[in-house]
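No lab work stands behind these numbers, since they all come straight from the coordinates. All of these numbers come straight from a predicted model, not from anything done at the bench. Every residue, glycine as well, gets a Cβ built from its backbone with ideal geometry; the counts of neighbours run over all protein chains shown.
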């Protein structure tokens, strides 16, 4: 199945940013994994920011991908933060307890400020 | 499905069992309930539950066989929106990647449980009630979202006048 997820990576002080758009489902596995590897190679920052501002759908397999990214980042000693989640997906991050491990911010600017303050 | 005089079918359709078609189901259900008395939050939760149940029907019920349909029916019961999602693939076989176990993020992060296995958990947390039934090869998941003022209804969707949108059959913990 062709992925409907696209990513853009960039760097902010102290944080590698992965901006996602489209749909985060099982078909996004390769896209997200590649984006993560590119982001952390290009930027040895101790934090990875996943921005979901342009994401309109996350399903259970997408949640599993986010769990995998979180597990990989933690194994490398990196913090994961997220921004741009809708209220609905914030609820899902709370239900799944992802938000216990991933600090949530309203947008990239707030995340950058929050990470910089840490 | 037995209908009462208060119940009204909003839509009924089928999607082929191909990965990604849960999005078609989600969209069509959302269109069908657009005029229903659901809050924006309820609508989003119903959409997620419908997508997850349809995905389970496609994958675990019909085993991604496109010649098998997943049938979706949306009914306004007068007290709730009821969405029935039916696959025709016979008994569901549990996945071997931890779908049966309650998802535990600590275990997943420790590598002791598959990262997957969130579907049923999400469904149960998104809707007001859910039940599962099997009739021959037909496997039905019925989702309920209570409509109207929640203050006048109990958590399981019963109204003070006893008009209950209770699903047929009882709760069922089997894998969907």
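Return the whole-Å distance between the Cα centroid of the range A:1-15 and the Cα centroid of the range A:65-85.
13 Å
Suppose R0 equals 22 Å. What FRET efficiency, 1/(1 + (r/R0)^6) with r the Cβ-Cβ distance, do residue B:6 and residue B:134 give to the nearest 0.05?
Rounded to the nearest 0.05, the efficiency is 0.25.
Report relative contact order for the range B:8-152 in percent, whole number only (criteria: Cα-Cα under 8 Å, sequence separation at least 6). Intermediate results must be reported in sequence, preceding the final value.
Details: 281 pairs, mean separation 39.9, N = 145.
It comes to 28 percent, rounded to a whole number.
Taking R0 as 25 Å, what's the FRET efficiency between residue B:110 and residue A:94 from their Cβ-Cβ distance, rounded to 0.05? Kindly include the intermediate steps, with their values, before the conclusion.
Values: r = 21 Å, r/R0 = 0.83.
About 0.75, to the nearest 0.05.
Using Cβ counts within 10 Å as a stand-in for footprinting exposure, how do A:75, A:21 rank, fewest first?
Values: A:75 10, A:21 16.
Neighbour counts put them in this order, fewest first: A:75, A:21.
Which of A:52, B:13 has the fewest other C-beta atoms within 10 Å, and how do the rest follow up to the most? Spell out each step's value before the answer.
Values: A:52 22, B:13 15.
Listed from fewest to most nearby Cβ atoms, that is B:13, A:52.
Calculate for chain A the 222 nm mean residue ellipticity that helices alone would give, adding -39,500 (n - 2.57) per DSSP H run of length 4 or more and normalising by residue count, nearest 500 deg cm²/dmol.
On the way: 5 runs with 53 residues, N = 118.
So the helix-based figure for chain A works out to -13500 deg cm²/dmol.
Can you classify the range A:1-115 as rounded, prolate or oblate using the Cα gyration tensor, where a ≥ b ≥ c are the square roots of its eigenvalues, rounded means a/c under 1.5, and otherwise it's prolate if a/b beats b/c and oblate if not? Before the final figure, lay out the partial values.
Working: a/c = 1.40, a/b = 1.15, b/c = 1.22.
Rounded, since a/c falls under 1.5.
Given 0.36 nm per residue, what is the gain on full extension from residue B:13 to residue B:64 after removing their alpha carbon distance, in nm?
This chain segment gains 16.6 nm when fully extended.
Treat the count of other C-beta atoms within 10 Å as a stand-in for reagent exposure and order A:57, A:89 from fewest to most. It would help to have the intermediate numbers written out before the result.
Values: A:57 18, A:89 23.
Least crowded to most crowded, the residues run A:57, A:89.
What nm distance separates the two modelled labels at residue B:35 and residue A:86, each placed 7 Å from Cα along Cα→Cβ?
If labels sit at residue B:35 and residue A:86, their model points lie 2.3 nm apart.
If you count the DSSP beta bridges with both ends in the range A:1-64, what percent of them are antiparallel, to the nearest 5?
Working: 8 of 16 bridges.
Roughly 50 percent of the DSSP beta bridges within the range A:1-64 come out antiparallel.
Label 7 Å along Cα→Cβ of residue B:102; the range A:75-118 residues with amide nitrogen under 17 Å?
A:94-98
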